[in-house]
1. Applying the selection to segment B:168-184, what residues are within 10 Å of chain A (Cβ to nearest Cβ), assigned to a strand (DSSP E or B) and out of contact with any Lys or Arg (no Cβ under 6 Å at 6 or more places or on another chain)?
2. For segment A:211-231, which residues satisfy the criterion of being in a loop (DSSP other than H, G, I, E, B), crowded, with 20+ Cβ neighbours inside 10 Å and touching a strand residue (DSSP E or B) at 6+ places or on another chain (Cβ under 9 Å)?
3. Restricting attention to segment B:59-78, does a residue exist that is without any contact (Cβ under 8 Å) to a residue 24 or more places away in the chain and not assigned by TED's automatic domain parsing to the domain that holds B:PRO131?
4. Please work out if B:ASP220 is within 30 Å of A:VAL66 (Cα to Cα), assigned by TED's automatic domain parsing to the domain that holds B:SER36, touching a Lys or Arg at 6+ places or on another chain (Cβ under 7 Å) and not aliphatic (A, V, I, L, M).
5. Taking segment B:52-107 as the search range and keeping residues that are part of a strand (DSSP E or B) and of a type in the set (D, E, K, R), which one is modelled with the lowest pLDDT?
6. Do we have A:THR74 as among the hydroxyl-bearing types (Ser, Thr, Tyr) and either within 12 Å of another protein chain (Cβ to nearest Cβ) or more than 30 Å from A:VAL129 (Cβ to Cβ) (or both) here?
7. For segment A:1-51, give me the residue count where each residue is within 18 Å of B:MET19 (Cβ to Cβ), assigned to a helix (DSSP H, G or I) and of a type outside the set (A, V, I, L, M, F, W, C).
8. With the checklist (1) in contact (Cβ under 8 Å) with a residue 40 or more places away in the chain; (2) over 14 Å from A:ASP112 (Cα atoms); (3) in contact with a Leu (Cβ under 9 Å, 6 or more places away or on another chain) in hand, flag the one item A:LEU184 doesn't pass.
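The values are calculated or read from the model by the stated rules, or taken from the named source; none is laboratory data. Being a predicted model, the structure only gives us computed values, none of them experimental. Here the Cβ positions follow ideal geometry from the backbone for every residue, glycine too, while neighbour counts run over all protein chains shown.
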Amino acid sequence: MQALSIAATGMMAQQLNVEVISNNIANMSTTGFKRQRAEFQDLLYQNLRRVGTNSSDTGTIVPSGVQIGLGVKTGSVYRIMNQGDMNNTGNKLDVAIQGRGYLRVELPSGEDAYTRAGNLSLSATGQIVTSDGYTVQPGITIPTEATDITINKDGQVQATIPGQTAPQVVGQLDLATFANEAGLDPQGDNLFLETAASGAPSVGTPGSTGYGTLLQGFLETSNVNAVTEISDLITAQRAYEMNSKVITAADEMMSVTSNLK
Amino acid sequence: MDNAILIGLSRQTAMMRQMSVIANNIANMNTTGYKSASMLFDEYVMPVASETSPDKTLSFVQDYGQFRNVADGEMQTTGNPLDVAVSGEGFLKVQTAQGVRYTRDGHLQLDGAGQLVTQDGDPVLTDGGSPITFSNDESQITIARDGTITTTRDGTTASEQVRGKLALVNFANVQDMKNEANNLLSTTQAEQPVQSPRIIQGSIEGSNVKPIIEMTNMMDVMRSYESAAKLVDAADDMRRQAISQIAGTA
């Protein structure tokens, strides 16, 4: 009985849908988090009577055949990359990216990772690092005697040193963009890695053509919208229930069959 | 005598298939661009031995086809600039390894090289029949109502440029299209351009399965199946009685 296994694929798909939605809701206040969406596709079809085959010698054709679909599968779980809201924190080392681009972060392995979470800090040596202590590329060190740090919208980092009238430029943050941001490989901790699907990063100065700008004292919140998620959750839950009803019905039909003498 | 059982069986076999179709509709309740299917049944009349025969003709059930409900599904706003919903008639054109396929699933994306592709990585074609590749400094991809794609290059003024127009085609008989899985359809019919295309950016078309209709159909099938089973049972009873009574009196 195909209906049983078809409904089972439906239940599995909805279960995954609920998992994706719950991850979105769990990350509602994660800095720089981009919400995900599960995308479904129909599964294979069994051709019992093919469309377009001849139904007689004179060349009449079958106008609509019998194709039994075998259920549903997950096509992709993709990330929706639109901008999150700007949250004013007032912290000198919080930067939000407005528009396209990722900050480059050097992992302990030496590999480059990419993030939109701009909650930066200083290390013991005065270097600008992420909240996990990984160096933000290209490695900027703030002099220990600096009293104030300014990061302008083009990514230039300036430090105010006591006794000097003009702030001193200590470095330049850059941004990396990708042809297909949805193809980045999420690593957790708000970090992403480059993949064949994302394309190679192109690194440039914030504010130049094709790159976003930086905003000091702000953090980009997640782009999860509670109303959308909850309504998606309700749809997914009901769809799950209906698939389970199909299983019950198919089971009842089979029990009728087995009760025949 | 066996006829009653065989007629009941033809009904039950058809019901089993109808149940599969309903199950597939419900399983695809959240599939982008999915169109619900329903079975078409036919009476198959078995000829009798001769015209003057007192026997009545026998009618069997045959499932001769399927009907695709091509009504629009509901629009779901995703906010993703590369999601497009086709409102009204028309299909997007996709170049797959097996040839050109058609889809209503407007969840598009860019691959690593910047080419506009479906979620399986197959390029989406423009009305000129070619794929579109965006360069890395192009942003703000806008897809107009008629499918025209415009991009801007940041930082420069008057930088909007038209990059092509998504192909939107229709066919004389949309029932005569073959489901190819992965939300794709194929056909050998000639393409006709859609006269008044209506593409909505930032939304995708949900499936047009109406849960309430599918659930009622499902209950209907279940109960009809039970009554067909009763018929088979009754026919079986008659035969059993015939065997025991005729054998008993002999």
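1. B:LYS178, B:ASN179
2. A:TYR211, A:GLY212
3. Just the residues of segment B:59-78 that are without any contact (Cβ under 8 Å) to a residue 24 or more places away in the chain, to begin with: none.
No, there is no match, as no residue in segment B:59-78 is without any contact (Cβ under 8 Å) to a residue 24 or more places away in the chain and not assigned by TED's automatic domain parsing to the domain that holds B:PRO131.
4. Working: within 30 Å of A:VAL66 (Cα to Cα): yes; assigned by TED's automatic domain parsing to the domain that holds B:SER36: yes; touching a Lys or Arg at 6+ places or on another chain (Cβ under 7 Å): no; not aliphatic (A, V, I, L, M): yes.
So B:ASP220 does not fit the description; no.
5. So, considering only residues that are part of a strand (DSSP E or B) and of a type in the set (D, E, K, R), the one modelled with the lowest pLDDT is B:ASP63.
6. Yes; evaluated as a whole, the condition is true for this residue.
7. The number of residues fulfilling the criteria is 4.
8. Every listed condition holds for A:LEU184 apart from (2).
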